[in-house]
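Worksheet: the structure to be examined is printed underneath.
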Amino acid sequence: MSVSIILIPAAIAAIASMAAGGAATAGIGVGIAGAIKSMSGGGQAEVLQVRTRMKDRALLEQALEDLGAVDVEVGDEVAATVDGVKLVMQASPEGIWAANFTAAKGAPEVTTEVATRLAERLDAAYAARVQTAVAQRIREKATDAGLELVSETVDDDQAVTMTLNVRA
């Protein structure tokens, strides 16, 4: 079985949901579901939605590697194998990712739960990579912005707290 998941940027999902009183996200999925089914020959493709914030392909590649992915390829498509699941992702011009999850050779069938869990793990790994990149950028640019990094802590939940002083 193959499972396809639509990864909708969180901002688009929130705006669409607010505009339609909370119901628009399902409408977006229904339209894309038809497109995916037609691309896969009209079979029994199962389509789900997961909100995401993925934009930077380099960070996405690093996040896949953080999950232990092998055979990672990042180009027009993003492809990798994670824990026996072959993942192929394509982004639309609007930033909506369509992800297809299939069993790698010799691996058990991919269920909806397995695909959803993998998409959520990937989103969390990507968020951690974004946080690291933003913290590094702050460290690099603080001095030029007239700021001094006084302290930096990382909590048990990996939340980063930076204290900056304004230089006089």
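Structure summary
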| quantity | calculated |
| --- | --- |
| Residues of region 84-100 satisfying the condition of being at pLDDT 90 or above and not hydrophobic (A, V, I, L, M, F, W, C) | Gly84, Lys86 |
| Thr81 being at pLDDT 85 or above, hydroxyl-bearing (Ser, Thr, Tyr), in a helix (DSSP H, G or I) and within 16 Å of the chain's Cα centre (by Cα) | no |
| Failed criterion for Ala125 (all others in (1) within 16 Å of Gly68 (Cα to Cα); (2) modelled with pLDDT under 90 hold) | (2) |
| Answer from Ala135, Ala125 - the residue that is touching a helix residue (DSSP H, G or I) at 6+ places or on another chain (Cβ under 6 Å) and under 30 Å from Ala80 (Cα atoms) | Ala125 |
| Residue in region 101-114 that is touching a Leu at 6+ places or on another chain (Cβ under 9 Å), closer than 22 Å to Thr132 by Cα and modelled with pLDDT of 60 or more present | no |
| Residues of region 116-133 satisfying the condition of being in contact (Cβ under 8 Å) with a residue 12 or more places away in the chain and more than 13 Å from the chain's Cα centre (by Cα) | Gln131, Ala133 |
| Where a residue in region 154-168 is in contact (Cβ under 8 Å) with a residue 12 or more places away in the chain and within 12 Å of Arg139 (Cα to Cα) and its partner, wherever it lies, is assigned to a strand (DSSP E or B) and among the small types (Gly, Ala, Ser), with Cβ under 6 Å and at least six apart | Thr163/Ser151 |
| Sole residue being exposed (fewer than 15 other Cβ atoms within 10 Å of the Cβ) and among the aliphatic types (A, V, I, L, M), chosen from Ala107, Ala127, Ala119, Ala115 | Ala107 |
| From Thr52, Thr25, residue being at pLDDT below 90, surrounded by 14 or more Cβ atoms within 10 Å (Cβ to Cβ), over 14 Å from the mean Cα position of the chain (by Cα) and not hydrophobic (A, V, I, L, M, F, W, C) | Thr25 |
| Long-range neighbours under 6 Å by Cβ, at least six apart or interchain, first residue under 16 Å from Val72 (Cα atoms) and free of Cβ contacts under 8 Å to residues at least 60 places away in the same chain within region 90-105, second of a type in the set (Lys, Arg) and assigned to a strand (DSSP E or B) | Ala104/Lys86 |
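This table checks each residue for (1) among the charged types (D, E, K, R); (2) in a helix (DSSP H, G or I).
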residue: Thr102; (1), (2): no, no
residue: Gly106; (1), (2): no, no
residue: Val110; (1), (2): no, no
residue: Arg121; (1), (2): yes, yes
residue: Ala124; (1), (2): no, yes
residue: Arg129; (1), (2): yes, yes
residue: Ala133; (1), (2): no, yes
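The values are calculated or read from the model by the stated rules, or taken from the named source; none is laboratory data. Just so it is clear, the structure is predicted and the values come from calculations on it, not from any experiment. As a convention, Cβ positions derive from the backbone with ideal geometry for all residues, glycine included, and neighbour counts pool all protein chains shown.
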